[in-house]
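Since the structure comes first, as structure tokens, the remarks are kept for the end.
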Amino acid sequence: MMAAMMNPMAATQNAATAGMPTGMSPSMVMVPRCMMKVEKCAGGMKMTCECDDPAACTMMQNLCAMMAGGMCSVCCTMNGMTVCCCNMTMAMCKCEMTANGCCVTCTSGDAACCAMIQACCDCVMGCMKTGCTCCLMIGGTPIACCVC
């Protein structure tokens, strides 16, 4: 009799993927490609993401607005392997919209935290110079992806 009972999770999963193209799970998101500039600033670092495509720019700005207040992180990969991942748990991050993208500033008033943030900035800049793909995430959701 137990085998005849329906698993509610299986029904939910099938209903959630009913309209999805094959090979795409419901948790996947299309990430806008952009140009990313990473630089040190007073108290931390600043990441500026700019898109030439207006649709990609709008999508990135909407993702930033939806995820505002979440933890910011940057993940650098090369050939599909993670090279580094910097989680800005020590920083106060704020996202501001620009004319063709967004600017994420991660800062801290604490000298030790500021040093960690700027070390992460150096790491990300080094990865970008050598050809890594960098993904900016807020709250674990990819906001922008760039190949430099």
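Think of a 1.4 Å ball rolled over the protein heavy atoms: the stretch 57-148 then has 47 Å² of accessible area per residue.
The string of couplings for the stretch 87-92 from the Karplus curve (6.51, -1.76, 1.60, θ = phi - 60°) is 9, 8, 5, 8, 10, 9 Hz, one whole number per residue in order, with x for Gly and Pro. The Cα center of the stretch 52-72 and the Cα center of the stretch 79-148 differ in position by 15 Å. Expressed as a whole percent, the accessible surface of the stretch 24-118 that belongs to carbon and sulfur atoms is 59, based on a 1.4 Å probe. Converting phi to 3J(HN,Hα) with the Karplus coefficients 6.51, -1.76 and 1.60 and the offset θ = phi - 60°, the stretch 72-77 yields 9, 8, 10, 10, 10, 10 Hz in sequence order, with x at every glycine or proline. Treating each Cα of the stretch 60-148 as an identical point scatterer and summing with the Debye formula, the log10 of I(q)/I(0) at q = 0.13, 0.18, 0.26 Å⁻¹ comes to -0.41, -0.79, -1.35.
The values are calculated or read from the model by the stated rules, or taken from the named source; none is laboratory data. Worth saying up front: this structure is predicted, and the values here are computed from it rather than measured. These area figures cover heavy atoms from the full protein model, side chains too; ligands, DNA and RNA do not enter into them. Shrake-Rupley method; radii C 1.70, N 1.55, O 1.52, S 1.80 Å.
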